[in-house]
Amino acid sequence: MTAILSSLPRRKFDVVVIGAGGAGMRCSLQLAQAGLSVAVLSKVFPTRSHTVAAQGGISASLGNMSEDHWQWHMYDTVKGSDWLGDQDAIEFLCREAPNAVYELEHFGMPFDRNPDGTIYQRPFGGHTSHFGEKPVQRACAAADRTGHALLHTLYQRNVASRTHFFVEWMALDLIRNDDGDVLGVTALEMETGDIYILEAKTTVLATGGAGRIWAASTNAFINTGDGLGMVARAGIPLQDMEFWQFHPTGVAGAGVLITEGVRGEGGILLNKDGERFMERYAPNLKDLAPRDFVSRSMDQEIKEGRGCGPDGNYVVLKLDHLGADVINKRLPSIREIAIRFGNVDPIKEPIPVVPTIHYQMGGIPANYHGQVLQWDAASQSNKVVNGLYAIGECAAVSVHGANRLGTNSLLDLVVFGRATGNHIVDTHLERQREHKDLAVESVTKSLDRVNALETRASGEKVQDVGNAMRIAMQQHCGVFRTLDLLNKGVAKIDEVAEQAKNIYFKDKSKVFNMARQEALEIENMIEVARATIKSASLRTESRGAHALNDHPERDDVNWLKHTLWYSNDGRVEYKPVQMKPLTVETIPPKARTF
Ligand SMILES: Cc1cc2nc3c(=O)[nH]c(=O)nc-3n(C[C@H](O)[C@H](O)[C@H](O)COP(=O)(O)OP(=O)(O)OC[C@H]3O[C@@H](n4cnc5c(N)ncnc54)[C@H](O)[C@@H]3O)c2cc1C
């Protein structure tokens, strides 16, 4: 081993989990309780992960307030995904949902209650009864702070189970040997600026979303797609990156989220004429149609001159008719956000809102055990990447396909966090071998990447590169897309990626140097932006959140397939959607109306 490597501090664990959001902590809990040595890394204190910001709820067909079945939930999720979701994973998600939520209840999660003591459930976009007939009450909620309640519950359980947290640590790169096995990660201790080698028999990526590649986003600043950058650099493709969800109701001008739970409670969208325009676009579900649908309808209203305000560039969300009692009890944080960021008190006035980037449906290809997959085109089959799992928003399992239903993400975190934990525990004996020999070349590559940043004395400023990327994504990859816009966007992002090869920061100090962290994050975001815009420019159909003006129809003959993008040469491949569920009949594609 080279001298530089032997001087690096090294730690060994059974499992290293990167990310302490809902997914990472649900998984680590399973591992710690089984007695495995587990380290959980997080850039921020665990309970500050973006999961804490989730507002509206977590779905499960409990049927507490109206009749419900997991098959209805499965149907809605497949239809919501515009048939791009894998039906085996979707069946697993919806069948497991009630157990996963009851388990959270037993962990002590403080859900709102009905008078009979059962969990309170509100309607949410795209969730229906009787296979699409009318909205159903499926979103289990703790006021408008469901993610907060969930994350704190999981954190407390992990502390009780002695999970080892590495707080304010940033994972840098996967360590992968010539056989393709993943042996752990390199990581930066932010407090000291020291780099460590963390060796693990199993590595789990739970790094969350990357919504910060756009200028206007509901996402936290730490959502920079680090896990996606790590796998892209390690030669593993990113899946379905053209599919990004715009949430219909970000506060205009600020981007902060107003939960769909507001419409679940009875809030409605109005244009400048005071018209409830969703009645025209989705006569059945109206304001509770899925998000891609509502976002496009809003965009259409604004484009056709029916937007509100002096510039006609937003619509409004009216909820004053719900009354102060309901607003204060069920939506207290929303009232606060509207007052602080929208300058209106929703008890009296409507909130100005615009579609805002919110969630990535694509990500690291994984199956419903959480195992990361690499597609083998020659044999037309998936191969498991040994020692690597991915869960939560960074993974494409794929249960959300081309469009996620609200409340299905919190569910995805706990169902697949738990399933992945179980799979690792069940197969741990097979992995009882000693830690494999460290892949020196892979570690050196990671160190070279950091050193290049450390030693560069001039170049492009991190902020300038970041702004250029965010503006290009905002201009070229919006709610409605055209091939011309996308192709120009590909060229722009390529240009930004070239600049990013030369980024530099002036302050080279070691202790809590945020400039270093931001530079490392930009490298990850650029991978995500490249994957997104290239994959989008090649999909010549409209499906879910990918709405292409030049090709407005869904094309199942040519495009019922997943996109796989490779970082090294920007190549794109495709693989089939898993149409066969585990135990029930396939839900065949049909027109998606609401
Ligand atoms: C405002 C908002 C409201 C939402 N509301 C809902 C809702 O009501 N219902 C619903 O179902 N979904 C909702 N969503 C979506 C859902 O909350 C997210 O998809 C989900 O919480 C993501 O969880 P996660 O565990 O994958 O990642 P996160 O909670 O984002 O956690 C990521 C973790 O990874 C760590 N990390 C990242 N990179 C590194 C690195 N390099 N090294 C070390 N650690 C790293 C971070 O520190 C963090 O701990 C909402 C999203 C937003 C933004």
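The values are calculated or read from the model by the stated rules, or taken from the named source; none is laboratory data. It should be emphasised that the depicted structure is a prediction, and the values quoted were computed from it without experimental measurement. FYI the Cβ positions are ideal-geometry reconstructions off the backbone, even for glycines, and counts take in every protein chain you see.
See the values below:
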{"quantity": "Top-ranked residue of region 139-167 - restricted to ones that are of a type in the set (D, E, K, R) and more than 21 Å from the chain's Cα centre (by Cα), ranked as nearest to the ligand (Cβ to nearest atom)", "calculated": "157"}
{"quantity": "Tally of residues being more than 13 Å from the ligand (Cβ to nearest atom) and surrounded by fewer than 24 Cβ atoms within 10 Å (Cβ to Cβ) across region 202-231", "calculated": "1"}
{"quantity": "Given (1) within 17 Å of the chain's Cα centre (by Cα); (2) more than 7 Å from the ligand (Cβ to nearest atom); (3) under 17 Å from residue 168 (Cα atoms), number of the condition residue 26 does not satisfy", "calculated": "(3)"}
{"quantity": "Residue list for region 346-372, filter: touching a Lys or Arg at 6+ places or on another chain (Cβ under 7 Å) and either farther than 20 Å from residue 267 by Cα or at pLDDT below 95 (or both)", "calculated": "359, 361"}
{"quantity": "Test: residue in region 39-50 that is within 24 Å of residue 143 (Cβ to Cβ) and more than 12 Å from the ligand (Cβ to nearest atom)", "calculated": "no"}
{"quantity": "Enumeration of residues in region 553-576 that are in a loop (DSSP other than H, G, I, E, B) and surrounded by fewer than 19 Cβ atoms within 10 Å (Cβ to Cβ)", "calculated": "553, 555, 560, 566, 568, 569, 570, 571"}
{"quantity": "Region 260-299: number of residues that are closer than 22 Å to residue 478 by Cβ and part of a loop (DSSP other than H, G, I, E, B)", "calculated": "7"}
{"quantity": "Test: residue in region 76-83 that is at pLDDT 95 or above and more than 25 Å from residue 545 (Cβ to Cβ)", "calculated": "no"}
{"quantity": "Selection from region 113-144 of residues that are part of a loop (DSSP other than H, G, I, E, B) and either closer than 24 Å to residue 76 by Cα or at pLDDT below 95 (or both)", "calculated": "118, 120, 130, 131, 132, 133, 141, 142, 143, 144"}
{"quantity": "Filter result for residue 387 (under 27 Å from the mean Cα position of the chain (by Cα), more than 16 Å from the ligand (Cβ to nearest atom) and farther than 30 Å from residue 91 by Cβ)", "calculated": "no"}
{"quantity": "In region 61-84, the residues that are part of a loop (DSSP other than H, G, I, E, B) and out of contact with any Lys or Arg (no Cβ under 9 Å at 6 or more places or on another chain)", "calculated": "64, 67, 69"}
{"quantity": "Filter result (part of a loop (DSSP other than H, G, I, E, B) and either away from the ligand (no atom under 11 Å from the Cβ) or of a type in the set (Gly, Ala, Ser) (or both)) within region 390-412", "calculated": "397, 398, 399, 401, 402, 403, 406"}
{"quantity": "Which numbered condition residue 179 misses (of (1) at pLDDT 95 or above; (2) away from the ligand (no atom under 12 Å from the Cβ); (3) acidic (Asp, Glu))", "calculated": "(1)"}
{"quantity": "For residue 277: the one exception among (1) more than 24 Å from residue 57 (Cα to Cα); (2) in contact with a strand residue (DSSP E or B) (Cβ under 6 Å, 6 or more places away or on another chain)", "calculated": "(2)"}
{"quantity": "Residue ID - farthest from residue 223 (Cα to Cα), chosen from residues in region 51-91 that are among the acidic types (Asp, Glu) and away from the ligand (no atom under 16 Å from the Cβ)", "calculated": "67"}
{"quantity": "Single match in 296, 335, 330 (criterion: at pLDDT 95 or above, buried (at least 19 other Cβ atoms within 10 Å of the Cβ) and among the charged types (D, E, K, R))", "calculated": "335"}
{"quantity": "Single residue of 302, 334 found to be outside the structural domain of residue 481 (by TED's automatic domain parsing) and either part of a strand (DSSP E or B) or free of Cβ contacts under 8 Å to residues at least 60 places away in the same chain (or both)", "calculated": "302"}
{"quantity": "Among (1) buried (at least 24 other Cβ atoms within 10 Å of the Cβ); (2) free of Cβ contacts under 8 Å to residues at least 60 places away in the same chain, the one test that residue 455 misses", "calculated": "(1)"}
{"quantity": "Restricting region 505-527 to residues that are among the hydrophobic types (A, V, I, L, M, F, W, C) and outside any helix (DSSP H, G or I), the residue that is nearest to residue 460 (Cα to Cα)", "calculated": "505"}
